[in-house]
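K.L.:
What follows is a structure written as structure tokens; I'll ask about it next.
The values are calculated or read from the model by the stated rules, or taken from the named source; none is laboratory data. Note that this is a predicted model, so its numbers are computed, not measured. Glycine also receives a Cβ, built like all others from the backbone with ideal geometry; neighbour counts cover every protein chain displayed. What goes into the accessible areas is simple: the full protein's heavy atoms, side chains included, and nothing from ligands, DNA or RNA. Shrake-Rupley method; radii C 1.70, N 1.55, O 1.52, S 1.80 Å.
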Amino acid sequence: PSGRIHMGHVRNYTMGDVIARYRRMQGHEVLHPMGWDAFGMPAENAAMERKVHPGEWTRANIDAMRGQLKRLGFALDWSREFATCDPKYYGQEQALFLDLFEAGLVYRKESEVNWDPVDMTVLANEQVIDGKGWRSGAPVERRKLSQWFLKITDFAEELLDGLTTLDDWPEKVRLMQENWIGKSRGLQFRFELAESAGAIRQVEVFTTRPDTIFGASFVAVAPDHPIAAAAAAQDTKAAAFIAECQRGGTSLAEIEAQEKKGYRTSIDVVHPLDGEWRLPVYIANFVLMDYGTGAIFGVPGHDQRDFEFASKYGLPIPRVVAAGVDLATKPIGEEAEKAPGVAVNSSFLDGMTTEQAAAEVIRRAEQAGWGKGTVQYRLRDWGVSRQRYWGTPIPIIHCAKCGPVAVPRDQLPVVLPDDIDFENPGNPLDRHPTWKQLACPKCGGAATRETDTLDTFVDSSWYFIRFASQPADAPFDRAEAEAWLPVAQYIGGVEHAILHLLYARFWTRALQRLGKVSMTEPFQGLFTQGMVTHETYRAGDGSWLSPDEVRRDGDDWVHIESGRPVTPGRIEKMSKSRRNTVDPEPILAKYGADAVRWFMLSDSPPERDLEWSEAGIEGASRFVQRVWRLASSGEDGTGQDAELERKLHRAIAAVGEAIDGLQFNKAVAQLYELVSAIEKAKLSASRAKAVRTLILLIAPMAPHLAEECWALLGAKAMIAEAPWPAFDAALLVDDRVTLAVQVNGKLRDTLTAPRGLDRAAAEALALASDKVQRQLGGAAPRKVIVVPDRLVNIVA
RNA sequence: GCGGACGUGGCGGAACGGUAGACGCUGGGGACUUAAAAUCCUCUUCCCGAACAAGGGAGUGCGGGUUCAAAUCCCGCCGUCCGCACCA
């Protein structure tokens, strides 16, 4: 709850509202809820800037936004509204967290974070700008903190498999999740150290290319690998290298930008397939401790990163894969050759394909016991600790004697203290004089509360269950929740494709594993809507100008106030930084909710971006007026208008089909056509019926207009309660059809013919056309293709 | 680098392999009006046809292919956008 809705909200919720209202008219039971993802940093930042309590700020925003949503006429079940910052919600979340904790799905681990030494807080990667804290400007440090993790990796395979069941999800999102989980198969194996380093005798590595094992020319370990520590213990230069690697932020972009560097330790390892063969061990800044085993063996000939490393440090670059055995002696050129081929220079593997060789190496490794075929995932466990005040307190107590202890259930919720200050840097919970002090529930000794709060993604990982069922004394009632769930249709931006949607899927599966729910997937249908965009404008000095500060002057744009020229820029997502936002509030005041809703649904397909335009909203407003004029004219008539009735029934069918497929822009186009047809039709009973039906058809999209017209037309009940109109399939077809007549596939004529004309008759009719005869020039056609009631193609 | 999507008039976009450009916006012309706004009618892919019309040609990023018929299917390019990225 930022305080004001933006056009993206309007578009998102308008789509959902159309579906909710449409399904309801069709007789479905519909649950269409709304609530507030209310914890998080914006509230804390506001608290620091404006000296208000985050809760106060949040509740005021919620009130303002609720009012705006109501003005838009969304058919929401406000009786189920809640905010995640309410202890009634986060207390139940704490209960679920403890369920996971007790099931062994939560653990504590040292982990590196971006630490702002001035604000004394952890920064998200996005808050580290050029290696400096976004608020303090201080150089960011990497710091190890003990943090809570959820074992999402336990579910990696399930989460991957489950994607195949999500038929009503965009392919793109499933792919993104698949890549994020990042499954790869390979060989995990050990190198024996030539001489043990401290207590360490082996180094474990993982590879997806076991077939290249004879191409190894070095082994590299992460700077935080135990071997690196062992080397550093006896070698100050190694220690210095490790320290250098650990300076700077942890953000991926920063790591990416770093030069690949290595340090040659005094350690060597023995090749598992040749006891005489020694490989040097490096500490390398590009090896990641938390992927695979934190150590690799380098094959420079067939991996580009290894190639660069080997080139830099003068290591051999042997060829062990070639397009053919006869190319075995050809040296590796300017870059590594990644493509599969045939194993060469590889002892017993020579001549095998990449695939065969890999299988053979795994077989031998398993047989001899120095390695085994394994699967690795890119997915990491989910770190949920945040050193922040405005979040769900993690319901754990730290006792020197008993370790981390769950808060007893009867002491939930662990409520955030209100008397906090943001005057000083750091986490106010941690600084609070009394909040964290308490007795250990196990031993009664002095203990302290966990002062970290949960990532707000935890709050959004189960809210849909709480919408379906919200008892006072439990997170949810299973039967009640399952009556509604899984969510039939979820609508959101593609920015949630990975994190939120993956976390919610994980949370649901975790609850299922604990026997709390039977569903495996939370969201059956997913739709990712496009953004609302607007042109951007810049003044001569490069500063951004908002749309209401500029005006069009012929082909140019000028700054209204100064009259100076303005450069229009790209059409981009509405954002405060580009100043190209359009506030829905004044638009609503000027045009009304229905025009805004109508515009949101018109023109652009919902999955694509929608460019906000004054002309567009004007057009939508005109449509609202047109419908109103039709309904309020008081015109009535007698007699049938068969043609209008056919059009009407076709429109009913087409609008329904379009909404079913979430193709709102097509539904809108159909309704425009219907309105035009009604306007042009002479007065008749059919026309009066068509107006009534039109109102029903627009009701999900323009509910205020529809209700008003409905009442005007004499209805006693609300149109929201009326049934969706049915269509007569017999009226969908005309008894006369237009036949396209082609010669050699090119359109030459169109003919009107009775429906159901047989092939011979259609052919004869087509051949009788002057235009066809002119094209044929007297020659007989070689072939004639007839598609009944559609077209005749004459091949000359 | 890897993965994906998209490319159609002045613009947003329609089009079960079968009449490309529905519908909307913009723009032109006209009606109504003293005038304007609103509204209504009408035209609006490009080129040739001096103008009207008949008529003809080209055309869905580019180049090929399959087919009686391709915006749509296949192959190869080009461009734009998005996601991921030292993942071993």
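K.L.:
Among the residues of the stretch A:765-784, which ones are open to solvent by less than 60 Å² (accessible area, probe 1.4 Å) and within 10 Å of RNA strand B (Cβ to nearest atom)?
P.N.:
Residues satisfying the conditions are A:772, A:784.
K.L.:
Test of understanding: among A:594, A:636, which residue is farther than 24 Å from residue A:20 by Cα and either of a type outside the set (A, V, I, L, M) or not in a helix (DSSP H, G or I) (or both)? Reasoning before the result, please.
P.N.:
Numbers: A:594 fails: farther than 24 Å from residue A:20 by Cα.
So the residue among A:594, A:636 that is farther than 24 Å from residue A:20 by Cα and either of a type outside the set (A, V, I, L, M) or not in a helix (DSSP H, G or I) (or both) is A:636.
K.L.:
On to the next question. Could you run through the stretch A:394-416 and say how many residues are free of Cβ contacts under 8 Å to residues at least 24 places away in the same chain and crowded, with 19+ Cβ neighbours inside 10 Å?
P.N.:
Going through the stretch A:394-416 one residue at a time, the tally reaches 0.
K.L.:
Shifting gears a bit: Those residues that are assigned to a loop (DSSP other than H, G, I, E, B) and either touching a Lys or Arg at 6+ places or on another chain (Cβ under 8 Å) or away from RNA strand B (no atom under 16 Å from the Cβ) (or both), I need them from the stretch A:565-591; list them, please.
P.N.:
Result: A:576, A:579, A:581, A:583.
One line per residue, one yes/no per condition, for (1) modelled with pLDDT of 90 or more; (2) within 19 Å of residue A:378 (Cα to Cα):
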residue	(1), (2)
A:288	no, yes
A:291	no, yes
A:294	yes, yes
A:298	yes, no
A:304	no, no
A:308	no, no
A:313	yes, no
A:318	yes, no
A:324	no, no
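K.L.:
Select, from A:698, A:719, the only residue that is out of contact with any Gly (no Cβ under 7 Å at 6 or more places or on another chain), β-branched (Val, Ile, Thr) and closer than 30 Å to residue A:528 by Cβ.
P.N.:
Just a single option satisfies the conditions, and that option is A:698.
K.L.:
Identify, by number, the condition in (1) within 22 Å of residue A:88 (Cβ to Cβ); (2) open to solvent by 40 Å² or more (accessible area, probe 1.4 Å); (3) assigned to a loop (DSSP other than H, G, I, E, B) that residue A:39 doesn't meet.
P.N.:
So the condition that residue A:39 fails would be (2).
K.L.:
Considering only residues that are of a type in the set (Gly, Ala, Ser) and surrounded by 17 or more Cβ atoms within 10 Å (Cβ to Cβ), which ones fall in the stretch A:623-682?
P.N.:
A:631, A:651, A:653, A:654, A:656, A:658, A:667, A:677, A:681
K.L.:
Say whether the condition of being under 30 Å from residue A:44 (Cβ atoms), assigned to a loop (DSSP other than H, G, I, E, B) and either at pLDDT below 90 or within 16 Å of RNA strand B (Cβ to nearest atom) (or both) is met by at least one residue in the stretch A:139-148.
P.N.:
Yes.
K.L.:
Moving to a separate point now. Can you name the residue in the stretch A:691-739 that is within 16 Å of RNA strand B (Cβ to nearest atom) and of a type in the set (D, E, K, R) and is also least open to solvent (accessible area, probe 1.4 Å) among such residues?
P.N.:
Among residues in the stretch A:691-739 that are within 16 Å of RNA strand B (Cβ to nearest atom) and of a type in the set (D, E, K, R), the one least open to solvent (accessible area, probe 1.4 Å) is A:734.
K.L.:
Check every one of the strands (runs of 3 or more DSSP E) wholly within the stretch A:447-564 and list those with 3 or more residues that are more than 29 Å from the chain's Cα centre (by Cα).
P.N.:
A:550-553, A:556-559
K.L.:
So which of A:90, A:13 ends up being open to solvent by 40 Å² or more (accessible area, probe 1.4 Å) and among the aromatic types (Phe, Trp, Tyr)?
P.N.:
On the way: A:90 fails: open to solvent by 40 Å² or more (accessible area, probe 1.4 Å).
Every option except A:13 fails the conditions.
K.L.:
Can you pull out every residue in the stretch A:473-489 that is surrounded by fewer than 16 Cβ atoms within 10 Å (Cβ to Cβ) and among the hydrophobic types (A, V, I, L, M, F, W, C)?
P.N.:
Once the filter is applied, which keeps residues that are surrounded by fewer than 16 Cβ atoms within 10 Å (Cβ to Cβ) and among the hydrophobic types (A, V, I, L, M, F, W, C), the stretch A:473-489 yields A:474, A:479, A:483, A:488.
K.L.:
Within the group A:32, A:53, which residue is more than 20 Å from residue A:664 (Cα to Cα) and not β-branched (Val, Ile, Thr)?
P.N.:
When all the criteria are applied, what remains is A:53.
K.L.:
Does residue A:314 qualify as being more than 13 Å from RNA strand B (Cβ to nearest atom) and at positive phi? Steps first, please.
P.N.:
Values: more than 13 Å from RNA strand B (Cβ to nearest atom): yes; at positive phi: yes.
When the stated conditions are applied, residue A:314 passes them.
K.L.:
Determine if the stretch A:102-113 includes at least one residue that is under 30 Å from residue A:489 (Cα atoms), open to solvent by 20 Å² or more (accessible area, probe 1.4 Å) and within 16 Å of RNA strand B (Cβ to nearest atom).
P.N.:
No, that holds for no residue.
K.L.:
Would you point out which residue out of A:670, A:625 is part of a helix (DSSP H, G or I) and free of Cβ contacts under 8 Å to residues at least 12 places away in the same chain?
P.N.:
Result of the check over A:670, A:625: A:625.
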